[in-house]
Amino acid sequence: MADVPGVCELPLTRAVVQYRDVHEVDMPGGRIQDVGLAVVLEGRYASHAEVVDIGSAEVKLLDLSGELVILDWVYEPTLDHLNALVRTAARDGERAELHRFCFQVGMRVLERVGFGPLTRSTLLRLGFRDICRDLDLHDGTSVRFLLGESRVVRAHLDYDGNALVFRTPTDAVDPVLEEALADAFPDADLRRIVPASPAATGGCQVRFPLPLDLAELRAQMRTVREGLFGLLHRFEPGRWQAVREVVGTFGDRATLARIRDRRPASTTRPVERRAAESRVAPREAPTPEAPLHEGTVH
């Protein structure tokens, strides 16, 4: 905050932030290593903040003029331990412990904050990242399909709009892709992307209703996984067979299953007095020495 005195007195050090980095503009869906959730290591200045992403465990410099959402704060001992792991990784090149600790911090924060409009995009990104790693692991968070010779279609998830976006190489309408999407996602809202210019690429959107809780979000991720597997079986049966054998051996990645739902285990409701009395056997009238007060259970 020393760059602009008087603008803000709150340093971002120790904050857990949700960010939109520049790389997401160049690579739709972002990099597969990042999850868009980071811990601020140094945030005293109004122009930028030094953070470590909980997915890739890489240190980044964020421009504070862009979108930034503060989800939570970590304690001082946690930040000290994180800084020590970052220094060790930079000195020795060993990042396994840093990766593990960053991911644990992220899972605890998501559990503590719970499901909501601010965490929904991060949870969607975690779920779709697992699907991409099972179907098509590469640097980007997307799944590629080969529809024919030189016809590569890439699918990524719009985390804010909650829609699967299928990008085609050209702006021409692809009826084969649209028919396949209608079969793979029969209950979703299918929209055609109208290019802004002839040089832009076209494609389709598969829109889903916004999930209202973590259970609905997990169910949507299962629908997305099954639909993409169906597309892979339709267009690339050889690759589908290889992926199915690997997934059958090691199982599906399920990061969202590790997040405990913080919803209350039970609720209370008022008991109708007449209905309750009708189910209780008659009792003797109370003596004056032991009066029954309303609300007292005997």
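Within the stretch 28-63, the set of residues being in a loop (DSSP other than H, G, I, E, B), over 15 Å from the mean Cα position of the chain (by Cα) and surrounded by fewer than 17 Cβ atoms within 10 Å (Cβ to Cβ) comprises Pro28, Arg44, Tyr45, Ser47. Listed conditions (1) of a type in the set (D, E, K, R); (2) at pLDDT 75 or above; (3) touching a strand residue (DSSP E or B) at 6+ places or on another chain (Cβ under 8 Å) are all met by Glu76, apart from (3). Among residues of the stretch 246-262 that are at pLDDT below 85, those with a Cβ under 7 angstrom from a residue that is surrounded by 15 or more Cβ atoms within 10 Å (Cβ to Cβ) and assigned to a loop (DSSP other than H, G, I, E, B), sequence gap 6+ or separate chain, pair up as Arg262/Gly114.
Listed by first and then second residue, the pairs with beta-carbon distance under 6 Å, at least 6 apart or on different chains, first residue in the stretch 175-201 and closer than 19 Å to Asn162 by Cα, second polar (S, T, N, Q), are Arg191/Gln205.
Put simply, of Ala219, Ala180 the only residue that is closer than 20 Å to Val247 by Cα and outside any loop (DSSP other than H, G, I, E, B) is Ala219.
Within the stretch 134-146, residues that are of a type in the set (Lys, Arg) reach partners that are at pLDDT below 90 and crowded, with 18+ Cβ neighbours inside 10 Å with beta carbons closer than 8 Å, at six or more positions or on different chains, in the pairs Arg144/Asp136. The residue that is surrounded by the fewest Cβ atoms within 10 Å (Cβ to Cβ), counting only those in the stretch 115-152 that are under 12 Å from the mean Cα position of the chain (by Cα) and assigned to a loop (DSSP other than H, G, I, E, B), is Pro117.
Just wondering, is there one or more residues in the stretch 96-104 that are touching a Ser or Thr at 6+ places or on another chain (Cβ under 7 Å) and either assigned to a helix (DSSP H, G or I) or at pLDDT 90 or above (or both)? No - not one qualifying residue is present in the stretch 96-104.
The values are calculated or read from the model by the stated rules, or taken from the named source; none is laboratory data. Treat the numbers as computed from the prediction; the structure is a model and nothing was measured. Don't worry about glycine lacking a Cβ; one is built from the backbone with ideal geometry, like all the others, and counts go over all protein chains shown.
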